[in-house]
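Engineer: Starting off with a structure, shown below.
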Amino acid sequence: MPGTSSTPLVSPPIEARQGIALGSSNFKPTLKHSSLLASRDPLRPSDATTSQPNKSPLNKPTSSQRKVADRLPHLWVINSFLSFPTDCSSTSDRILVSFSFVYPGRDPPAPRAPRCCSSEKMNSTFAAPVTYYDHFNDIAQYNVHLNVFEKAWAAWYAYMQNDVLATGIMSFVMHEVVYFGRCLPFMIMDKIPYFRKYKIQGAKMPTLAEQWACAKLVLLSHFTVELPQIWLFHPMAQYFGLSTTVPFPHWTKMAWQIALFFVLEDAWHYWFHRLLHTPRLYKMIHKLHHQYSAPFGLAAEYASPIETMILAFGTVGIPIVFCGFTKDLHIMTMYLWIVGRLFQAIDAHSGYEFPWSLHHFVPFWAGADHHDVHHEKFLGNYSSSFRWWDAVMDTEAGSVTAQKKKAKMTATTKKAE
């Protein structure tokens, strides 16, 4: 799998408890000893004293098991307990054999005690993990070098047994939770009179009917346009070398990559957004997004499918192209970038200008102060995150804050006179 971590991910003896021959070339265990721990077969008393391992053939690994072994190539299998029939004609009589394996060149962790010692239940002991929490607990026990988020990440992929499905579900759920979760506070503020003073276009408050109509079209777009693209994201990302392994990259690497994506996406958004405001393309594609002259959070992704795919390339396509050239991008960095981009888009469409808004501290940041004017006047302010493209290309339409500052300076000048 591309992007395998340099730090070994240690897997608990899941496969060994099932009698699986692990398929990784890096895993070359050495058999130290084997012993017969218990037997309920009276016809084979001599087996209890022999030092030879049981000759019963091991089960061949399935394709899904090989995939797990390929995903976790560095494995320790310590004191793994195998349970298999003593007689091919009987599945109820079982013996229990203990094998001790040591990964060459490493000190083994402490051996695991059997989970069940009941001879009456020998045919059902040491089952492989079934639930997500089983996988999480096993990975947490054998991978103390990982933090809790990395353990949860590895357990999710081990539990799903299908990388495309695991990434697809996680990506879609993350997008929906972040998008609607970020919109919710602004929807609540719309109903609280105290926050009305922060609304840029306070005379145009969205009604519940307008927000519900907007939410229905956004959900339809998410399931019919974005979901198929999300489903194909993992195989495409893997083709270009996107890593999905643990541990995650250092935060400094993720920070500068996300900052670069903000700059590149802003340039892409400015030029293609400006192109969509040409008369023909505006009428064919972009007009739907301008249905609300006083925008609100839910309207951030209220757009035609064509516009969604064009502008979304700046968010998803640019990082993938970057990965294609550098072969150095982790999907966690991608997720954090998308979360940041969703926050930016929803805040810009929220219609609220607060004293603590980011552009008060980062002057070149756009925000709602910049984008609200674009929806009100239908031109200018084409950038998404920053103001510099509009400033350089002379497409700055003027912001509400700038107008207020100008009015305040005028009033101060008159007062001084």
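Engineer: Mind checking which residues of the stretch 134-152 are surrounded by fewer than 19 Cβ atoms within 10 Å (Cβ to Cβ) and under 17 Å from the mean Cα position of the chain (by Cα)?
Structural biologist: Once the filter is applied, which keeps residues that are surrounded by fewer than 19 Cβ atoms within 10 Å (Cβ to Cβ) and under 17 Å from the mean Cα position of the chain (by Cα), the stretch 134-152 yields ASN147, VAL148, PHE149, ALA152.
Engineer: Next question, about the same structure. Please determine, by comparing only the residues of the stretch 188-231 that are of a type in the set (Ser, Thr, Tyr) and more than 29 Å from the chain's Cα centre (by Cα), which one is least open to solvent (accessible area, probe 1.4 Å).
Structural biologist: That would be TYR198.
Engineer: Looking at (1) among the polar types (S, T, N, Q); (2) surrounded by fewer than 21 Cβ atoms within 10 Å (Cβ to Cβ); (3) farther than 21 Å from PHE378 by Cα, which is the one condition that is false for THR278?
Structural biologist: All conditions pass for THR278, except number (3).
Engineer: Same structure, new question: For the stretch 242-259, how many residues meet the condition of being open to solvent by less than 30 Å² (accessible area, probe 1.4 Å), part of a loop (DSSP other than H, G, I, E, B) and of a type outside the set (A, V, I, L, M)?
Structural biologist: Result for the stretch 242-259: 2.
Engineer: Within the stretch 232-254, which residues are closer than 18 Å to GLY314 by Cα and either at pLDDT below 90 or more than 15 Å from the chain's Cα centre (by Cα) (or both)?
Structural biologist: Scanning the stretch 232-254 gives LEU232, PHE233, HIS234, MET236, ALA237, PHE240.
Engineer: Ok, one more. Go through (1) under 20 Å from TRP337 (Cβ atoms); (2) open to solvent by 40 Å² or more (accessible area, probe 1.4 Å) for GLU176 and report which single condition fails.
Structural biologist: (2)
Engineer: State all residues of the stretch 303-337 that are part of a loop (DSSP other than H, G, I, E, B) and surrounded by fewer than 22 Cβ atoms within 10 Å (Cβ to Cβ); if no residue qualifies, say none.
Structural biologist: Those that are part of a loop (DSSP other than H, G, I, E, B) and surrounded by fewer than 22 Cβ atoms within 10 Å (Cβ to Cβ): SER304, LYS327, ASP328.
Engineer: Continuing with this model, one more query. For the stretch 281-299, name all the residues that are under 15 Å from VAL225 (Cβ atoms) and open to solvent by less than 30 Å² (accessible area, probe 1.4 Å).
Structural biologist: ILE285, HIS289
Engineer: If the requirement is being at pLDDT below 90, acidic (Asp, Glu) and closer than 30 Å to TYR239 by Cα, which of these qualifies: GLU176, GLU226, GLU150?
Structural biologist: Of the residues listed, the single one that is at pLDDT below 90, acidic (Asp, Glu) and closer than 30 Å to TYR239 by Cα is GLU226.
Engineer: Do you know which residues across the stretch 344-367 are among the hydrophobic types (A, V, I, L, M, F, W, C), open to solvent by 10 Å² or more (accessible area, probe 1.4 Å) and closer than 23 Å to TYR194 by Cα?
Structural biologist: Of everything in the stretch 344-367, those that are among the hydrophobic types (A, V, I, L, M, F, W, C), open to solvent by 10 Å² or more (accessible area, probe 1.4 Å) and closer than 23 Å to TYR194 by Cα turn out to be PHE354, TRP356, LEU358.
The values are calculated or read from the model by the stated rules, or taken from the named source; none is laboratory data. Nothing here was measured: the structure is a model prediction, and the numbers come from that model. Neighbour counts run over all protein chains shown; Cβ positions are idealised from the backbone, glycine included. The area values use the complete protein model at the heavy-atom level, side chains included, leaving out ligands, DNA and RNA. Shrake-Rupley method; radii C 1.70, N 1.55, O 1.52, S 1.80 Å.
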